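Any read-out appearing in this document is the output of simple, stated calculations on the displayed coordinates, not a laboratory observation. Only a predicted model underlies this, so the values are computations on that prediction, with no experimental measurement involved. FYI the Cβ positions are ideal-geometry reconstructions off the backbone, even for glycines, and counts take in every protein chain you see.
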Amino acid sequence: MGINKSTIYYWRKKYGGMETSELKRLKELEEENRKLKQMYADASLDNQMLKDILSKKF
């Protein structure tokens, strides 16, 4: 199948014993977490740019 043994062991360790519904929920939560991290990074960048603009003397 072309899958490394260490990958299979990692998947077994991470997902072993989970039901299908639990796996779906885990994937949904991981995706939501990724989106929230991106939103935070964007907001943080906007905040930093505003601070930089406001700190300049006119």
(request) For the chain, find the longest principal axis of its Cα atoms and tell me its angle to the long axis of helix 20-55, 0 to 90°, nearest 10. (result) 20
(request) Sum up the charges of everything whose Cβ sits under 12 Å from the Cβ of E31, counting Lys and Arg as +1 and Asp and Glu as -1, but leave E31 out. (result) +3
(message) Give me the mean projected area, in nm² to one decimal, of the convex hull enclosing the Cα positions of the chain.
(response) 6.7
(request) Using the Cα centre as the reference, give the magnitude of the dipole from point charges on the C-beta atoms of the chain (Lys, Arg: +1; Asp, Glu: -1; all else neutral), rounded to the nearest 20 debye. (result) 260
(request) Kindly state, to the nearest 0.05, the FRET efficiency for A41 paired with K5, given R0 = 25 Å and r defined as their beta-carbon distance. (result) 0.10
(message) Which GluC sites (Glu not before Pro) in the chain sit in a loop by DSSP (not H, G, I, E or B) and have at most 10 other Cβ atoms within 10 Å of their own Cβ?
(response) E19
(message) From the phi angles alone, apply the Karplus equation (6.51, -1.76, 1.60; θ = phi - 60°) to the stretch 8-16 and give each ³J(HN,Hα) in whole Hz, x where the residue is Gly or Pro.
(response) 4, 5, 5, 4, 4, 5, 6, 10, x
(message) Sequence gap of 8 or more, or different chains, plus Cα separation below 30 Å: how many lysine pairs satisfy both in the chain?
(response) 19
